[in-house]
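To keep things clear, I will list the structure first and then write my remarks on it.
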Amino acid sequence: MPSLAAFAGPYLNGVSMREEIMDFDDKDAADGRHEGARNPAGGLLAMFNAVELYEFYVRQKGKGAQLLNIMSFQGAKFPCTVGIVIGSHNSGIEPFFQSEDGVPRDEHVYFVYGMPGDFLNPAIQPIAELCVSGAFSLSNPFDPKFVNGASHQASQGRSDAAIDVPVLYKKKDGRLVKVGPVTFPFDILRADERTHSPLFDRIVELAGLNAMCEIFEGGLRDFHGLPVAMRRAGGDIDSRNYESYSEYLDLLRGHVNVALRSFLDAHKNGFTYENVVRIVRALSLPVELGKLPFAVSRWPQILDTHQLSADEQARQFEIEMIRLASQSSD
């Protein structure tokens with residue numbers, strides 16, 4: 001297996017992978033917490049949220065990058081967290097460091113070196129299943145931002161002191177900087193913590209972005225001359241009305257965030273991805289008619305209809321906006 005230096009080349013800023021690993025191992029041994037650890041072996045995986053880097057993700061997908069769907073929301077048609085397997089000779093890492101517009105910022109992507117081979121071959125076993133199997137501590141794959149807490153916890157509590165520990169790197173100022181052994185700490189949230197947890201707030205945000213990506217992708221399909229009213233009746237927007245996904249995102253993101261938060265305030269246990277999609281679709285369709293302000297004002301009124309359940313309120317909002325769009329004479 002090639003070294004990280006072979007993968008990353010100049011992005012290690014002149015520091016060899018062996019020096020990096022030895023520095024890490026020596027410190028661990030000195031602390032008495034990681035004696036006998038072997039250097040990790042395996043490939044390099046770049047991990048990021050496709051929902052935050054939609055245009056970059058689509059561009060790399062179009063170039064034939066080897067993409068892994070690490071984790072998606074249940075029922076989603078668009079992946080949330082993805083990985084790109086980095087080949088040798090910088091064949092996969094260069095796009096993350098190029099100076100062109102759309103290159104991921106430092107905080108948007110992390111690199112894991114020393115991944116077990118099965119993690120880089122989705123034909124063997126879905127990576128999400130491996131993530132929760134206990135063989136690898138990746139219990140919160142939705143959010144690379146939370147890996148900043150990486151620590152020696154990855155190797156604690158295991159009887160085999162010689163177990164391989166993958167190493168996490170992040171981008172910083174145009175080079176790879178080691179964070180430490182991989183751990184993705186994630187405590188299962190109790191019901192009373194869900195709406196007051198930074199982690200849950202982050203998952204809500206990502207769910208909204210995921211739904212926006214899904215709806216925008218659906219709106220790029222060729223409808224083969226389907227009448228506009230029929231297309232709208234199916235709940236599909238025409239994404240060609242926007243210059244780019246960024247324009248769609250900038251227009252709707254704030255409204256989506258407010259709508260989801262008010263939904264959570266009304267129904268602390270009613271948050272499902274299916275309802276998120278309904279709410280985002282209901283906000284997206286009126287844009288074509290210039291009636292987004294009406295949709296934004298209608299949602300609080302529906303939430304005040306207390307005889308309806310969470311699912312019924314989300315469905316009501318979606319149905320009303322689909323009807324509004326499909327019956328429009330424009």
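We did not get these values from a lab; they are worked out from the coordinates using the rules stated. These figures come from a predicted structure and were not determined experimentally. All Cβ positions, glycine included, derive from the backbone under ideal geometry; neighbour counts span all protein chains shown.
With a cut-off of 12 Å between beta carbons, the residues surrounding residue 245 carry a summed charge of -4, where Lys and Arg count +1 and Asp and Glu -1. Residues in region 96-112 carry Karplus couplings, in order, of 7, 10, 5, 8, 5, 4, x, 5, x, 6, 4, 7, 9, 9, 10, 10, 10 Hz; the curve used is 6.51 cos²θ - 1.76 cosθ + 1.60 with θ = phi - 60°, and Gly or Pro positions show x.
With 13 Å as the cut-off, how large is the P(r) tail for region 42-107, expressed as percent of Cα-Cα pairs? Please report the intermediate quantities before stating the final value.
On the way: 1362 of 2145 pairs.
Roughly 63 percent, once rounded to a whole number.
The packing ranking, built from the mean of other Cβ atoms within 10 Å per residue, places the peptides 93-105, 66-78 in the order 66-78, 93-105, highest first.
Percent of Cα pairs in region 191-326 per distance bin of 10 Å, from zero to the largest separation: 12, 44, 33, 10, 1.
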